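What follows is a set of notes on a single structure, which appears directly below.
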Amino acid sequence: MLLEALRADARLAEWLRDLESEGTPQVEAVLPDVDELPDVLLDLTVAHEHINELVATRSRLAADPEAMTLLARCVGRFVRDMGEIGKGWEPPAFPASTGALGRCFHAYVFIAALPYVRAYHRERGVPEDVSRHTLADLGRHVAVHHRRIGSPGLLFPWWIALHFHGELFQLGRLQFQRARLGRHTGGAVAAAGLGLGPGDPCLSLHITDFRGPLSPTACDRSLALAREFFARHYPDERYEVAVCHSWLLDPQLKRYLPAESNIIRFQDRFQAAYEEKTPDDGVPVGFVFGDPELPVDELPRRNSVERAVGDHLRAGGHWYGGQGWFAL
């Protein structure tokens with residue numbers, strides 16, 4: 001049973017006790033039945049080849065009363081502060097010992113939370129296409145899991161939680177997260193004389209895979225959409241600064257990529273906030289090649305980005321996360 005496997009892990013056992021301490025869930029958590037679930041999954045862009053397994057696993061979930069109670073507790077915690085910046089729930093990944101139900105469990109939490117996030121979107125007047133494109137990132141992350149593990153699931157359920165909590169929206173090529181300036185980036189913005197600093201609102205930009213080139217025209221369109229979207233649907237929040245924390249902003253990429261490349265032109269939009277001192281080679285390897293654990297000597301060289309990431313590591317270098325900002 002699912003909860004037996006979770007209780008065998010000290011960290012997850014503590015997580016369960018914390019959930020259970022809140023008593024009876026205050027919201028209803030209902031999953032689509034086996035006939036409805038395929039359409040829901042397809043609406044969330046889950047690939048056709050995963051539908052049957054997810055429907056079958058849903059039946060296993062429904063047959064486990066303890067797991068269904070956990071589902072209700074998770075949904076209740078998740079939607080409690082819907083839309084509040086930084087108050088979303090960060091569900092932990094479950095260990096391999098929990099099997100198919102464990103790797104897919106959080107997907108069912110998000111599916112059961114759909115009525116609540118859609119109601120929040122309607123309350124804010126979020127257009128249907130923006131809502132649909134935002135929530136469809138669930139299917140993209142199922143694809144990321146399949147690319148790395150070979151089966152449906154979610155590697156990073158805490159990330160999808162931002163989409164389903166009203167904190168992040170897909171607007172064209174880029175994703176925009178309602179956030180607040182941190183100490184270091186906020187200090188850099190303050191030093192530039194913008195009248196903003198740590199704790200003030202900002203939009204955090206995220207670049208997804210499987211969405212085509214990161215071209216300047218695609219980015220310009222996304223930024224135009226974001227300026228209009230947040231002014232219209234969050235008029236009580238002023239967003240004057242965009243930030244980005246990504247390996248794509250590592251200035252070392254300029255040694256390998258031409259100035260007219262999409263990545264370098266994306267970098268050039270930003271002012272550096274601060275220099276990251278801790279290397280994180282697995283991040284670019286994971287994003288570019290699909291698996292952060294791949295041996296460096298075996299990384300392919302099929303395009304300029306693959307050559308840049310792999311050749312730099314093979315030469316003994318390291319990659320760092322870049323931290324940047326610009327005024328909106």
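The values are calculated or read from the model by the stated rules, or taken from the named source; none is laboratory data. This one's a predicted model, so the numbers in the text were calculated from it and none came from an experiment. Please note: Cβ atoms are built from the backbone with ideal geometry, for glycine as well, and neighbour counts cover all protein chains shown.
Brief remarks follow.
- Residues within the stretch 63-119 that are acidic (Asp, Glu), within 15 Å of Leu2 (Cα to Cα) and not in a helix (DSSP H, G or I), tallied: 1
- Checking each residue in the stretch 38-70 for being of a type in the set (A, V, I, L, M, F, W, C) and more than 23 Å from the chain's Cα centre (by Cα) picks out Val55, Ala56, Leu61, Ala62, Ala63, Ala67, Met68.
- Flag if Asp209 is acidic (Asp, Glu), part of a helix (DSSP H, G or I) and surrounded by fewer than 16 Cβ atoms within 10 Å (Cβ to Cβ): no
- Sole exception among (1) touching a Lys or Arg at 6+ places or on another chain (Cβ under 7 Å); (2) surrounded by fewer than 22 Cβ atoms within 10 Å (Cβ to Cβ) for Gly153, by number: (2)
- Verdict on Arg73 being among the basic types (Lys, Arg), under 26 Å from the mean Cα position of the chain (by Cα) and surrounded by 14 or more Cβ atoms within 10 Å (Cβ to Cβ): yes
- Considering residues of the stretch 78-94 that are in contact with a strand residue (DSSP E or B) (Cβ under 9 Å, 6 or more places away or on another chain) and either surrounded by 13 or more Cβ atoms within 10 Å (Cβ to Cβ) or outside the structural domain of Pro157 (by TED's automatic domain parsing) (or both) only, the residue nearest to His106 (Cα to Cα): Gly83
- The number of residues in the stretch 252-295 that are surrounded by fewer than 13 Cβ atoms within 10 Å (Cβ to Cβ) and β-branched (Val, Ile, Thr) comes to 1.
- Which listed residue is touching a Pro at 6+ places or on another chain (Cβ under 6 Å) and touching a residue at least 12 places away in the same chain (Cβ under 8 Å), from Pro38, Pro91: Pro91
- When Gly166 is tested against (1) in contact (Cβ under 8 Å) with a residue 40 or more places away in the chain; (2) in contact with a Leu (Cβ under 8 Å, 6 or more places away or on another chain); (3) not in a helix (DSSP H, G or I), exactly one condition is not met: (2).
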